[in-house]
Amino acid sequence: MQVVELVTDYLEGALPRSQRRRFESHLRGCEHCTEYLEQMRITIRMTGRLAIEDLTPAMREEFGRLYARWLAG
Amino acid sequence: MSPPQHWVEDSHDRLHAEALSGLLHAALDELPGRQREVVTLRDIDGLTSEEVCEVLDLSEGNQRVLLHRGRSRLRAVLEAEMGGAS
């Protein structure tokens, strides 16, 4: 299903305008895909509520290293 | 095909909300490394796509593919728990 493949591009604003219009037009007629998009939005919101403290020590270390390298320039 | 079910995002049942959070955390932990990094930096830390590309040394396209795969996996995990459109 195309909506499944394109959903991230759509949310990122990365679809060319004509494709975005086709995507939105499809959603207007398809409850299933509309629900899928909403589920994706909910997934992103729920992920956002995971706090850094919730990450495992290994993950926190991984990100600490990434950030340290990034800040070192 | 069964009709899509609407997910309940904010459960009034605190135990259920915490269980969902734990499920998501476990699923995040199980993602392939690069997918986990992109999803975490974008959706938890709130970095922009440009910043993530810089931190992880990725092209915009690659970053988006990783983001897509990671998020899709997390959605599927929540769907297995809550039901609904697939």
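Every read-out reported here was derived from the displayed coordinates using simple, explicitly stated rules and does not represent laboratory data. Note that the structure is predicted; figures quoted are calculated from it, not measured. Heads up, the Cβs are rebuilt from the backbone with ideal geometry, glycines too, and the neighbour counts pull from every protein chain shown.
Structure values in brief
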read-out: FRET efficiency estimate (nearest 0.05) - Cβ-Cβ, residue A:26 to residue B:26, R0 35 angstrom; value: 0.60
read-out: Chain A: GluC sites (Glu not before Pro) falling in loop per DSSP and having at most 16 other Cβ within 10 Å; value: A:12
read-out: Largest to smallest principal axis extent of the C-alpha atoms in chain A, angstrom; value: 47, 27, 17
read-out: No Cys partner within the rule (Cβ under 4.7 Å), the protein assembly as shown; value: B:53
read-out: Label-point separation, residue B:16 to residue A:70 (7 Å along Cα→Cβ), nm; value: 3.5
read-out: Positive dipole terminus of chain A, leading residue within A:18, A:32, A:56 (C-beta point charges); value: A:18
read-out: Number of partner chain Cβ atoms within 10 Å, mean per residue of A:58-70; value: 3
read-out: Given charges at beta-carbon only (K, R positive; D, E negative), |dipole| of the protein assembly as shown in Debye; value: 480
read-out: Dipole magnitude of chain A, debye to nearest 20 (Cβ charges: Lys/Arg +1, Asp/Glu -1, about Cα centre); value: 320
read-out: Directionally averaged shadow of the protein assembly as shown, computed from the convex hull of its alpha-carbon atoms, nm²; value: 10.0
read-out: Note, ³J(HN,Hα) from phi for the stretch B:30-36, Karplus 6.51, -1.76, 1.60, rounded to Hz, x at Gly and Pro; value: 8, 5, x, x, 5, 5, 4
read-out: Residue-wise HN-Hα coupling along the stretch A:24-33, computed from phi with Karplus coefficients 6.51, -1.76, 1.60 (Hz; x: Gly, Pro); value: 5, 5, 4, 4, 4, x, 9, 5, 4, 6
read-out: Inter-chain shielding of A:13-19 (mean C-beta neighbours from other protein chains, 10 Å cut-off); value: 1
